[in-house]
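The values are calculated or read from the model by the stated rules, or taken from the named source; none is laboratory data. Since the structure is predicted, the reported quantities are computational estimates derived from the model, not experimental observations. Heads up, the Cβs are rebuilt from the backbone with ideal geometry, glycines too, and the neighbour counts pull from every protein chain shown. The accessibility values were calculated without ligands, DNA or RNA, using every heavy atom of the protein model including side chains. Shrake-Rupley method; radii C 1.70, N 1.55, O 1.52, S 1.80 Å.
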Amino acid sequence: MIAIIDYGMGNLRSVYKGFEKVGVKAAVVSDPSQVDQADGVVLPGVGAFADAMANLRAAGMVEVILQAIKEGKPFLGICLGQQLLFDASEEWGYTQGLGIFPGQVRRLPEGLKVPHMGWNQIEIARPDPLLDGIPDRSSFYFVHSYAVEPVDAEITLTLTEYGVHFASIVGKNKVYGIQFHPEKSSALGLKILENFGRVVKTC
Amino acid sequence: MLQKRVIPCLDVTGGRVVKGTNFINLRDAGDPVELAAFYDREGADELIFLDITASSDGRKTTLDMVYRTAGEVFIPYTVGGGIRSLEDIRAILSAGADKVTINTAAVQNPGLVAEAAGRFGSQCIVVAIDARQSGPESWEVYIHGGRTPTGIDAVGWARQVEALGAGEIMLTSMDRDGTKDGYDIPLTRAIVRALNIPVIASGGVGNLKHIAEGLTEGEADAALAASIFHFGEYSIKETKDYLRSIGVPVRI
């Protein structure tokens with residue numbers, strides 16, 4: 001079973017429904033012990049980075065997330081959930097993140113419409129089981145104003161161009177972060193959720 | 001590269017699609033959820049449900065529809081029509097919608113835009129502007145479904161709601177709506193150039209060339225159309241193939 005963490009940051013119904021559609025067992029959980037028991041963990045999220053960290057702390061989720069990752073459980077951060085995996089964000093000052101991946105979360109460059117909203121393409125930098133059946137240059141649905149800057153270039157699985165090239169999917173040791181919304185990216189987005197389900201199953 | 005969006009708009013009332021549909025391959029073409037899932041499969045980039053029901057009973061039916069859509073549709077969808085309060089917005093978003101459009105209520109209480117953006121995030125607050133030409137290069141905002149003039153300048157209003165935190169503008173030309181003469185290109189371009197948030201062009205599409213004009217000359221980020229899709233005159237796929245063939249970046 002995959003635990004989708006509910007910590008008051010956006011609606012998780014579509015993520016849950018996305019897994020259901022591709023036949024992957026998942027549940028929305030708000031109790032840290034349910035994360036402990038899960039085979040895989042999904043951290044979604046829409047909203048402000050600082051609020052999200054505060055809510056995760058208040059919900060007692062930070063420790064169980066770190067523990068799950070330490071145990072090697074497959075982990076998927078979506079949108080803000082990707083950003084939270086990094087050291088810190090410059091959104092509204094400076095806020096520390098979960099620090100799983102070295103790097104910062106920075107505002108998208110000036111001169112373009114922000115948020116970056118709509119369908120944009122991925123360029124595959126490194127093949128991964130998460131990307132099985134996903135053609136290079138496929139389009140996915142993005143809504144964000146900040147993007148991650150990994151220190152370690154090799155965690156970048158895909159890049160996307162919006163004024164700059166940013167890491168749209170990162171991953172290492174079955175810990176993944178996706179900037180776009182697979183649950184809102186039609187058939188190919190659902191394929192990614194299905195692939196994550198397979199990573200969890202074969203783990 | 002960020003792609004231009006093609007967005008079918010479904011008018012619904014009492015949980016049913018209002019305008020007739022010509023899809024013989026759907027079990028129930030009047031069911032908005034089934035129609036929405038069809039558009040998702042066809043390659044629509046987003047969907048907008050416009051609830052034209054006024055009664056509170058009707059709103060409950062709409063919430064049920066929004067809730068069911070989340071299980072069948074895996075592209076972003078927006079719900080508009082009759083949204084007046086933070087509570088209305090919260091109910092629609094928690095039923096599964098990605099965004100709401102606010103129109104009349106935003107004009108009557110601009111603070112609602114700021115409060116909604118603060119509470120739920122700019123990305124889910126779309127302000128719908130219905131505008132009618134009032135002079136050379138000037139347009140006036142109308143409310144109540146285009147029936148009531150407000151004396152407010154459309155470009156100034158668009159700037160104001162952007163400053164209040166709107167994440168996107170859905171711009172309908174009341175002069176063109178239903179005419180099939182194409183979008184009001186000068187209006188669309190004027191609003192797009194005044195803002196730094198995405199603009200959805202709406203009102204007047206009769207053929208694929210109109211959609212292309214809205215996205216190129218009109219400079220809009222997204223093109224909304226209703227009847228040409230519902231009556232099966234053009235499929236989403238045909239639309240996108242055409243746009244791509246003339247160099248407009250779209251998701252195929």
Worksheet item: When segment A:1-28 is examined, which residues are found to be acidic (Asp, Glu) and either under 14 Å from A:Lys73 (Cβ atoms) or over 15 Å from the mean Cα position of the chain (by Cα) (or both)?
Response: A:Glu20
Discussion item. Please return the ranges of strands (runs of 3 or more DSSP E) entirely within segment A:71-140 where 3 or more residues are in contact with a helix residue (DSSP H, G or I) (Cβ under 9 Å, 6 or more places away or on another chain).
Written reply: A:75-78, A:101-107
Discussion item. If A:His144 meets every condition in (1) modelled with pLDDT of 95 or more; (2) buried (at least 16 other Cβ atoms within 10 Å of the Cβ); (3) within 12 Å of chain B (Cβ to nearest Cβ) apart from one, which number is that one?
Written reply: (1)
Practice prompt. Could you please find all residues in segment A:161-181 being surrounded by 20 or more Cβ atoms within 10 Å (Cβ to Cβ) and facing chain B (nearest Cβ under 9 Å)?
Written response: A:Tyr162, A:His181
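Per-residue answers, yes or no, for (1) touching a helix residue (DSSP H, G or I) at 6+ places or on another chain (Cβ under 6 Å); (2) open to solvent by 20 Å² or more (accessible area, probe 1.4 Å); (3) closer than 23 Å to B:Thr172 by Cα:
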residue	(1), (2), (3)
B:Thr69	yes, no, no
B:Glu72	yes, yes, no
B:Gly82	no, yes, yes
B:Asp88	no, yes, yes
B:Val100	yes, no, yes
B:Val107	no, yes, yes
B:Leu112	yes, no, yes
B:Ala117	no, no, yes
Item to complete: From the list B:Gly111, B:Gly165, B:Gly81, pick out the single residue that is under 16 Å from the mean Cα position of the chain (by Cα) and among the small types (Gly, Ala, Ser).
Response: B:Gly81
Item to complete: Could you please give the count of residues in segment A:131-163 that are under 30 Å from A:Tyr94 (Cβ atoms) and under 16 Å from the mean Cα position of the chain (by Cα)?
Response: 17
Worksheet item: Tell me, which residue of segment B:190-221 that is farther than 18 Å from B:Gln3 by Cα and more than 14 Å from every other protein chain (Cβ to nearest Cβ) is most open to solvent (accessible area, probe 1.4 Å)?
Response: B:Asn207
Worksheet item: So, of the residues in segment A:29-59 that are within 14 Å of another protein chain (Cβ to nearest Cβ), closer than 14 Å to A:Gly77 by Cα and among the aliphatic types (A, V, I, L, M), which turns out to be surrounded by the most Cβ atoms within 10 Å (Cβ to Cβ)?
Response: A:Ala52
Fill in: segment A:60-70, residues that are surrounded by fewer than 17 Cβ atoms within 10 Å (Cβ to Cβ) and closer than 15 Å to A:Gly99 by Cα
A:Val62, A:Glu63, A:Leu66, A:Gln67, A:Lys70
Worksheet item: If you check A:Gly8 against the conditions, is it surrounded by fewer than 19 Cβ atoms within 10 Å (Cβ to Cβ) and either aromatic (Phe, Trp, Tyr) or out of contact with any Gly (no Cβ under 6 Å at 6 or more places or on another chain) (or both)?
Response: yes
Discussion item. Given the condition under 27 Å from B:Arg68 (Cβ atoms), within 14 Å of chain B (Cβ to nearest Cβ) and crowded, with 18+ Cβ neighbours inside 10 Å, answer yes or no: does some residue in segment A:80-101 qualify?
Written reply: yes
Worksheet item: For A:Leu112, all conditions in the list (1) buried (at least 18 other Cβ atoms within 10 Å of the Cβ); (2) touching a residue at least 40 places away in the same chain (Cβ under 8 Å); (3) of a type outside the set (Asp, Glu); (4) within 13 Å of chain B (Cβ to nearest Cβ) hold save one; what is the number of the exception?
Response: (1)
Item to complete: Would you mention how many residues in segment B:103-131 are within 21 Å of B:His144 (Cα to Cα), assigned to a helix (DSSP H, G or I) and within 14 Å of another protein chain (Cβ to nearest Cβ)?
Response: 1
Discussion item. Take the conditions within 14 Å of another protein chain (Cβ to nearest Cβ) and crowded, with 19+ Cβ neighbours inside 10 Å and apply them to B:Gly167. Does it pass?
Written reply: yes
